[in-house]
Amino acid sequence: LDIGGTKVGWGIVEAGDTYEVTERGSIPTDAMRGGADVAARICDLASSLVASHPAVSGIAVASAGVVDPSTGDIVSATGTMPGWGGTPLGALLQEATGLKVRVLNDVHAHGLGEPYRSVLSIAVGTGIGGALVEDRQVSFGSRGIAGHVGHIHHHFAPDLTCSCGRKGHIESFCSGSGITAWYNSLR
């Protein structure tokens, strides 16, 4: 599962000597409906996919927000998805499906997918995320936010409110939602 601010993508992956995506699809995140609603719909989606694919043996999740990789909890998230922070996503999915679940931040997962030992991955979408991978291991930092570059100061954004609620971050100016807000302010 790939949980972003705009859509939740899913794929059935057949693992062997290589990995092959055999099916894929997506549903809207409808993030403004709140974290509890998003989590419930994701659990319903996962349950449905597991029921229709009985050979599935586990669930891998890449999610927006700061993720505790040891528990699968969403530690914190911006206002892009209200109420997403604090969601025990890993436990909810395990309870809904009975399968082992692994949850990472979406950009951390992307960085791990690159075929290099060291990677700085920056993803621009609804927000801006980042990951630092060293020796094929994600560097989480002391608070789990190492590499999250969207909240770095940007001199063109001093008066623009970021999805985290603060002003002046690069995400408020350069993300997909930031570019849209900036463009709309010029009309």
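The values are calculated or read from the model by the stated rules, or taken from the named source; none is laboratory data. Please read these numbers as outputs of a predicted model, since none were measured by experiment. For neighbour counting, all protein chains shown are included, and Cβ atoms are generated from backbone atoms with ideal geometry for every residue, glycine included. When the accessible area is computed, the model is the full protein with side chains, heavy atoms only, and any ligands, DNA or RNA have been set aside. Shrake-Rupley method; radii C 1.70, N 1.55, O 1.52, S 1.80 Å.
Could you list, in sequence order, the residues of the stretch 2-41 that are touching a Leu at 6+ places or on another chain (Cβ under 9 Å), over 22 Å from Gly125 (Cα atoms) and of a type outside the set (Val, Ile, Thr)?
Hits for the stretch 2-41 are Glu23, Ala40.
Do we have Asp17 as open to solvent by 50 Å² or more (accessible area, probe 1.4 Å), at pLDDT below 95 and among the charged types (D, E, K, R) here?
Values: open to solvent by 50 Å² or more (accessible area, probe 1.4 Å): yes; at pLDDT below 95: yes; among the charged types (D, E, K, R): yes.
Criteria met by Asp17.
Inside the stretch 56-94, can you point out the residues that are more than 19 Å from Arg166 (Cβ to Cβ) and of a type in the set (A, V, I, L, M, F, W, C)?
Answer for the stretch 56-94, where residues must be more than 19 Å from Arg166 (Cβ to Cβ) and of a type in the set (A, V, I, L, M, F, W, C): Val56, Ile59, Ala60, Val61, Ala62, Val67, Ile74, Leu89, Ala91, Leu92, Leu93.
Pull up the stretch 89-129, narrow it to residues that are among the charged types (D, E, K, R) and in contact with a Ser or Thr (Cβ under 7 Å, 6 or more places away or on another chain), then point me to the one that is farthest from Glu171 (Cα to Cα).
So the first thing to find is which residues in the stretch 89-129 are among the charged types (D, E, K, R), and the list is 95, 100, 102, 106, 114, 117.
Within this subset, residues satisfying the condition of being in contact with a Ser or Thr (Cβ under 7 Å, 6 or more places away or on another chain) are 106, 114.
Numbers: Asp106: 16, Glu114: 23 Å.
Result: Glu114.
Counting only residues that are in a strand (DSSP E or B) and either farther than 30 Å from Gly79 by Cα or touching a helix residue (DSSP H, G or I) at 6+ places or on another chain (Cβ under 8 Å) (or both), how many does the stretch 1-57 have?
Residues meeting the conditions: 14.
Which helices (runs of 4 or more DSSP H) does the stretch 102-187 wholly contain that include 3 or more residues that are open to solvent by 40 Å² or more (accessible area, probe 1.4 Å) and touching a helix residue (DSSP H, G or I) at 6+ places or on another chain (Cβ under 9 Å)?
Here the list reads 176-186.
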